[in-house]
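Novice: Sending over a structure as C-alpha coordinates; questions will come in a sec.
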Amino acid sequence: MSDEKKLAIIATKGSLDWAYPPFILASTAAALGYDTQIFFTFYGLALLKKKLNLQVTSLGNPAMPMPMPVPVFMQAMPGMQAMMTSMMKKKMKSKGVASLEELRDLSIEAEVKMVACQMTVDLFEFDTKDFIDGIEYGGAATFFEFAGESDVCLYI
Amino acid sequence: MPDFAQELDASGLNCPLPILRAKKMLKGLETGQVLRIVATDPGSVKDFDAFANQTGNKLLESTEEGGKYLFFIEKK
(Lines give C-alpha, C1' and ligand atoms only; values in the text may rest on other atoms or scores of the structure.)
Protein backbone atom coordinates (compact mmCIF):
# COMPACT_ATOMS: atom_id res chain seq x y z
CA MET A 1 0.00 0.00 0.00
CA SER A 2 1.57 3.26 -1.08
CA ASP A 3 1.28 6.36 1.04
CA GLU A 4 1.09 8.49 -2.09
CA LYS A 5 -2.01 10.61 -2.37
CA LYS A 6 -4.25 9.94 -5.32
CA LEU A 7 -6.14 12.29 -7.64
CA ALA A 8 -8.82 11.02 -10.00
CA ILE A 9 -10.28 13.33 -12.65
CA ILE A 10 -13.10 12.79 -15.13
CA ALA A 11 -12.67 15.06 -18.16
CA THR A 12 -15.93 15.43 -20.06
CA LYS A 13 -15.50 18.63 -22.04
CA GLY A 14 -13.72 19.24 -25.31
CA SER A 15 -13.48 22.99 -25.70
CA LEU A 16 -10.23 24.93 -25.49
CA ASP A 17 -11.09 26.65 -22.21
CA TRP A 18 -12.42 23.54 -20.48
CA ALA A 19 -9.42 21.50 -21.55
CA TYR A 20 -7.19 23.49 -19.20
CA PRO A 21 -8.44 22.45 -15.74
CA PRO A 22 -7.82 18.70 -16.14
CA PHE A 23 -4.29 19.16 -17.48
CA ILE A 24 -3.34 21.98 -15.09
CA LEU A 25 -4.54 20.05 -12.07
CA ALA A 26 -3.14 16.70 -13.20
CA SER A 27 0.32 18.03 -14.01
CA THR A 28 0.49 20.04 -10.79
CA ALA A 29 -0.76 17.16 -8.66
CA ALA A 30 1.87 14.91 -10.20
CA ALA A 31 4.52 17.52 -9.37
CA LEU A 32 3.29 17.48 -5.78
CA GLY A 33 3.68 13.73 -5.64
CA TYR A 34 0.10 12.62 -6.31
CA ASP A 35 -0.53 9.42 -8.20
CA THR A 36 -2.86 10.86 -10.86
CA GLN A 37 -5.32 9.45 -13.34
CA ILE A 38 -7.65 11.15 -15.84
CA PHE A 39 -10.62 9.37 -17.32
CA PHE A 40 -11.69 10.99 -20.60
CA THR A 41 -15.29 10.53 -21.64
CA PHE A 42 -17.66 12.00 -24.22
CA TYR A 43 -16.30 15.32 -25.55
CA GLY A 44 -13.31 15.00 -23.25
CA LEU A 45 -11.89 12.48 -25.69
CA ALA A 46 -11.01 15.41 -27.97
CA LEU A 47 -8.24 16.15 -25.44
CA LEU A 48 -6.49 12.92 -26.37
CA LYS A 49 -6.24 13.53 -30.10
CA LYS A 50 -2.69 13.63 -31.44
CA LYS A 51 -3.49 16.87 -33.20
CA LEU A 52 -5.40 19.08 -30.80
CA ASN A 53 -7.84 21.33 -32.58
CA LEU A 54 -9.89 22.71 -29.72
CA GLN A 55 -12.10 25.76 -30.09
CA VAL A 56 -13.67 28.24 -27.74
CA THR A 57 -17.11 29.79 -28.12
CA SER A 58 -18.95 32.60 -26.40
CA LEU A 59 -22.32 31.11 -27.31
CA GLY A 60 -24.22 30.10 -24.22
CA ASN A 61 -21.49 31.66 -22.11
CA PRO A 62 -22.48 35.19 -21.10
CA ALA A 63 -19.48 35.44 -18.76
CA MET A 64 -16.93 35.25 -21.58
CA PRO A 65 -14.91 38.49 -21.43
CA MET A 66 -15.17 40.28 -24.79
CA PRO A 67 -13.02 43.17 -26.01
CA MET A 68 -16.25 44.86 -27.13
CA PRO A 69 -19.95 44.01 -26.76
CA VAL A 70 -21.11 41.72 -29.59
CA PRO A 71 -24.82 40.83 -29.93
CA VAL A 72 -25.47 37.10 -29.51
CA PHE A 73 -26.81 36.64 -33.07
CA MET A 74 -23.54 38.10 -34.37
CA GLN A 75 -21.56 35.67 -32.22
CA ALA A 76 -23.23 32.84 -34.15
CA MET A 77 -22.00 34.11 -37.53
CA PRO A 78 -19.63 31.90 -39.55
CA GLY A 79 -16.01 32.47 -38.65
CA MET A 80 -16.73 33.93 -35.21
CA GLN A 81 -15.70 30.77 -33.36
CA ALA A 82 -12.41 30.55 -35.25
CA MET A 83 -11.76 34.22 -34.56
CA MET A 84 -12.49 33.90 -30.85
CA THR A 85 -10.31 30.81 -30.63
CA SER A 86 -7.40 32.58 -32.24
CA MET A 87 -7.90 35.63 -29.99
CA MET A 88 -7.99 33.43 -26.91
CA LYS A 89 -4.82 31.58 -27.92
CA LYS A 90 -3.02 34.85 -28.59
CA LYS A 91 -4.09 36.21 -25.21
CA MET A 92 -2.96 33.09 -23.40
CA LYS A 93 0.42 33.18 -25.09
CA SER A 94 0.93 36.83 -24.21
CA LYS A 95 0.13 36.10 -20.55
CA GLY A 96 2.57 33.21 -20.30
CA VAL A 97 -0.18 30.59 -20.01
CA ALA A 98 1.07 27.21 -21.18
CA SER A 99 -0.29 25.68 -24.36
CA LEU A 100 -2.44 22.59 -23.93
CA GLU A 101 0.10 20.54 -25.83
CA GLU A 102 2.76 21.52 -23.32
CA LEU A 103 0.59 20.78 -20.29
CA ARG A 104 -0.43 17.45 -21.76
CA ASP A 105 3.20 16.55 -22.48
CA LEU A 106 4.20 17.55 -18.94
CA SER A 107 1.38 15.39 -17.56
CA ILE A 108 2.51 12.40 -19.59
CA GLU A 109 6.11 12.97 -18.56
CA ALA A 110 4.99 13.03 -14.92
CA GLU A 111 3.34 9.65 -15.46
CA VAL A 112 -0.25 10.83 -15.24
CA LYS A 113 -2.28 7.84 -16.37
CA MET A 114 -4.85 8.57 -19.06
CA VAL A 115 -7.81 6.35 -19.71
CA ALA A 116 -10.14 6.82 -22.67
CA CYS A 117 -13.76 5.76 -22.35
CA GLN A 118 -14.20 2.77 -24.66
CA MET A 119 -17.95 3.32 -24.93
CA THR A 120 -17.45 6.87 -26.26
CA VAL A 121 -14.85 5.64 -28.75
CA ASP A 122 -17.43 3.15 -30.08
CA LEU A 123 -20.30 5.64 -29.92
CA PHE A 124 -18.62 8.33 -32.00
CA GLU A 125 -16.69 5.80 -34.08
CA PHE A 126 -13.37 7.41 -33.24
CA ASP A 127 -10.27 5.92 -34.80
CA THR A 128 -7.84 5.06 -31.99
CA LYS A 129 -4.99 5.84 -34.39
CA ASP A 130 -5.92 9.50 -33.97
CA PHE A 131 -5.23 9.36 -30.23
CA ILE A 132 -1.87 9.80 -28.55
CA ASP A 133 0.12 6.71 -27.63
CA GLY A 134 0.35 5.32 -24.13
CA ILE A 135 -3.30 5.71 -23.14
CA GLU A 136 -5.54 2.92 -21.94
CA TYR A 137 -9.12 2.15 -22.88
CA GLY A 138 -11.66 1.23 -20.26
CA GLY A 139 -15.09 1.76 -18.79
CA ALA A 140 -16.78 2.94 -15.61
CA ALA A 141 -15.53 0.00 -13.57
CA THR A 142 -11.95 0.77 -14.63
CA PHE A 143 -12.43 4.33 -13.41
CA PHE A 144 -13.71 3.22 -10.02
CA GLU A 145 -10.83 0.87 -9.49
CA PHE A 146 -8.60 3.93 -9.16
CA ALA A 147 -11.15 6.56 -8.07
CA GLY A 148 -12.42 4.41 -5.21
CA GLU A 149 -9.05 4.77 -3.53
CA SER A 150 -8.47 8.39 -4.44
CA ASP A 151 -8.10 11.25 -1.97
CA VAL A 152 -9.40 13.85 -4.43
CA CYS A 153 -11.90 13.11 -7.17
CA LEU A 154 -13.02 15.75 -9.68
CA TYR A 155 -15.62 15.84 -12.40
CA ILE A 156 -14.72 18.43 -15.01
CA MET B 1 21.13 35.19 0.26
CA PRO B 2 21.67 31.40 0.19
CA ASP B 3 24.16 29.78 -2.21
CA PHE B 4 22.51 27.91 -5.02
CA ALA B 5 23.48 25.12 -7.40
CA GLN B 6 21.10 25.97 -10.21
CA GLU B 7 18.80 28.73 -11.36
CA LEU B 8 15.40 28.73 -13.04
CA ASP B 9 14.14 31.83 -14.79
CA ALA B 10 10.36 31.49 -14.80
CA SER B 11 9.79 35.14 -15.70
CA GLY B 12 6.69 35.67 -17.82
CA LEU B 13 5.36 32.19 -17.10
CA ASN B 14 1.98 31.69 -15.56
CA CYS B 15 0.45 29.05 -13.29
CA PRO B 16 1.26 26.17 -13.16
CA LEU B 17 4.43 26.43 -15.28
CA PRO B 18 6.80 27.90 -12.64
CA ILE B 19 5.98 25.01 -10.30
CA LEU B 20 6.22 22.36 -13.03
CA ARG B 21 9.57 23.69 -14.29
CA ALA B 22 10.91 23.94 -10.74
CA LYS B 23 9.87 20.39 -9.97
CA LYS B 24 11.66 19.20 -13.10
CA MET B 25 14.87 21.01 -12.18
CA LEU B 26 14.79 19.80 -8.60
CA LYS B 27 14.74 16.27 -9.95
CA GLY B 28 18.24 16.81 -11.33
CA LEU B 29 19.64 18.13 -8.04
CA GLU B 30 21.08 16.22 -5.09
CA THR B 31 19.67 16.34 -1.59
CA GLY B 32 20.68 19.58 0.11
CA GLN B 33 21.38 21.45 -3.12
CA VAL B 34 19.51 24.70 -3.65
CA LEU B 35 17.50 25.91 -6.64
CA ARG B 36 17.05 29.64 -7.16
CA ILE B 37 13.86 30.61 -8.97
CA VAL B 38 12.95 33.95 -10.49
CA ALA B 39 9.26 34.46 -11.29
CA THR B 40 6.92 37.29 -12.19
CA ASP B 41 3.61 35.56 -11.47
CA PRO B 42 2.28 37.03 -8.18
CA GLY B 43 0.43 33.76 -7.55
CA SER B 44 3.74 31.92 -7.36
CA VAL B 45 4.43 33.34 -3.87
CA LYS B 46 1.66 31.30 -2.31
CA ASP B 47 2.17 28.43 -4.72
CA PHE B 48 5.85 27.85 -3.93
CA ASP B 49 5.02 27.94 -0.24
CA ALA B 50 2.34 25.30 -0.83
CA PHE B 51 4.67 23.30 -3.08
CA ALA B 52 7.33 23.19 -0.36
CA ASN B 53 4.81 22.24 2.32
CA GLN B 54 3.49 19.35 0.29
CA THR B 55 6.70 17.98 -1.19
CA GLY B 56 9.02 18.37 1.80
CA ASN B 57 11.51 20.46 -0.19
CA LYS B 58 12.51 23.41 1.95
CA LEU B 59 11.63 26.97 0.96
CA LEU B 60 14.65 28.78 2.42
CA GLU B 61 13.74 32.23 1.21
CA SER B 62 10.91 33.97 -0.60
CA THR B 63 11.40 37.61 -1.45
CA GLU B 64 10.31 40.29 -3.87
CA GLU B 65 12.76 42.48 -5.72
CA GLY B 66 11.69 45.12 -8.22
CA GLY B 67 8.55 43.33 -9.39
CA LYS B 68 10.28 39.93 -9.48
CA TYR B 69 9.83 37.15 -7.00
CA LEU B 70 12.81 35.17 -5.78
CA PHE B 71 12.63 31.74 -4.24
CA PHE B 72 15.34 29.50 -2.83
CA ILE B 73 14.33 25.88 -2.50
CA GLU B 74 16.50 23.20 -0.94
CA LYS B 75 16.00 19.73 -2.35
CA LYS B 76 14.75 17.12 0.10
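The values are calculated or read from the model by the stated rules, or taken from the named source; none is laboratory data. Since this is a predicted model, take the numbers as computed values, not measurements. Glycine gets a Cβ as well: all are built from the backbone with ideal geometry, and neighbour counts include every protein chain shown. Side chains are part of the model used for accessible areas, which takes the heavy atoms of the whole protein and leaves out ligands, DNA and RNA. Shrake-Rupley method; radii C 1.70, N 1.55, O 1.52, S 1.80 Å.
Novice: Looking only at region A:102-111, filter to residues that are surrounded by 12 or more Cβ atoms within 10 Å (Cβ to Cβ) and not small (Gly, Ala, Ser); which one of those is nearest to the other protein chains (Cβ to nearest Cβ)? Walk me through how you get there before you give the answer.
Specialist: Pass one, region A:102-111, residues surrounded by 12 or more Cβ atoms within 10 Å (Cβ to Cβ): A:102-110.
Narrowing the set further to residues that are not small (Gly, Ala, Ser) leaves A:102-106, A:108-109.
Numbers: A:102: 8, A:103: 8, A:104: 12, A:105: 10, A:106: 5, A:108: 12, A:109: 8 Å.
Within region A:102-111, the match that is nearest to the other protein chains (Cβ to nearest Cβ) is A:106.
Novice: Follow-up. Quick one: how many residues across region A:49-83 are among the β-branched types (Val, Ile, Thr) and surrounded by fewer than 15 Cβ atoms within 10 Å (Cβ to Cβ)?
Specialist: Quick first cut of region A:49-83, residues among the β-branched types (Val, Ile, Thr) only: A:56-57, A:70, A:72.
Next, only the ones that are surrounded by fewer than 15 Cβ atoms within 10 Å (Cβ to Cβ) stay: A:70, A:72.
Qualifying residue count for the region: 2.
Novice: With respect to residue A:114, is the statement that it is away from chain B (no Cβ under 14 Å) and over 13 Å from the mean Cα position of the chain (by Cα) true? I'd like the intermediate steps shown before the answer.
Specialist: Values: away from chain B (no Cβ under 14 Å): yes; over 13 Å from the mean Cα position of the chain (by Cα): no.
Judged against the criteria, residue A:114 is not a match.
Novice: Separate question: Scanning region A:84-95 for residues that are within 19 Å of the chain's Cα centre (by Cα) and not charged (D, E, K, R), which turns out least open to solvent (accessible area, probe 1.4 Å)?
Specialist: The extreme case among them is A:85.
Novice: Of all residues in region B:1-49, which are assigned to a helix (DSSP H, G or I), surrounded by 14 or more Cβ atoms within 10 Å (Cβ to Cβ) and without any contact (Cβ under 8 Å) to a residue 40 or more places away in the chain? Outline the logic, then answer.
Specialist: Step one: list which residues in region B:1-49 are assigned to a helix (DSSP H, G or I), which gives B:17-27, B:44-49.
Cutting the leftovers down to surrounded by 14 or more Cβ atoms within 10 Å (Cβ to Cβ) gives us B:17-26, B:44-45, B:47-48.
Selection gives B:17, B:18, B:19, B:20, B:21, B:23, B:24, B:25, B:44, B:45, B:47, B:48.
Novice: Can we say residue B:71 is without any contact (Cβ under 8 Å) to a residue 60 or more places away in the chain, among the aromatic types (Phe, Trp, Tyr) and away from every other protein chain (no Cβ under 14 Å)? Lay out the reasoning, then the answer.
Specialist: On the way: without any contact (Cβ under 8 Å) to a residue 60 or more places away in the chain: yes; among the aromatic types (Phe, Trp, Tyr): yes; away from every other protein chain (no Cβ under 14 Å): yes.
Against the criterion (without any contact (Cβ under 8 Å) to a residue 60 or more places away in the chain, among the aromatic types (Phe, Trp, Tyr) and away from every other protein chain (no Cβ under 14 Å)), residue B:71 qualifies.
Novice: Going by what's in this entry, would residue A:66 be described as more than 14 Å from chain B (Cβ to nearest Cβ), of a type in the set (A, V, I, L, M) and under 27 Å from residue A:141 (Cα atoms)? So that I can check it myself, show each step before the final result.
Specialist: Numbers: more than 14 Å from chain B (Cβ to nearest Cβ): yes; of a type in the set (A, V, I, L, M): yes; under 27 Å from residue A:141 (Cα atoms): no.
No.
Novice: Scanning for something in contact with a strand residue (DSSP E or B) (Cβ under 6 Å, 6 or more places away or on another chain), within 12 Å of chain A (Cβ to nearest Cβ) and hydrophobic (A, V, I, L, M, F, W, C), does region B:44-66 turn up at least one residue?
Specialist: Yes, some residue in region B:44-66 is in contact with a strand residue (DSSP E or B) (Cβ under 6 Å, 6 or more places away or on another chain), within 12 Å of chain A (Cβ to nearest Cβ) and hydrophobic (A, V, I, L, M, F, W, C).
Novice: Still on this structure, I have one more. Does residue A:37 qualify as being more than 13 Å from chain B (Cβ to nearest Cβ), touching a residue at least 40 places away in the same chain (Cβ under 8 Å) and either in a strand (DSSP E or B) or under 16 Å from residue A:119 (Cα atoms) (or both)?
Specialist: Spelling it out, residue A:37 is indeed more than 13 Å from chain B (Cβ to nearest Cβ), touching a residue at least 40 places away in the same chain (Cβ under 8 Å) and either in a strand (DSSP E or B) or under 16 Å from residue A:119 (Cα atoms) (or both).
Novice: Among the residues of region A:43-52, are any in a helix (DSSP H, G or I), farther than 25 Å from residue B:19 by Cα, of a type in the set (Ser, Thr, Tyr) and at pLDDT 95 or above?
Specialist: The answer is yes, given that some residue of region A:43-52 is in a helix (DSSP H, G or I), farther than 25 Å from residue B:19 by Cα, of a type in the set (Ser, Thr, Tyr) and at pLDDT 95 or above.
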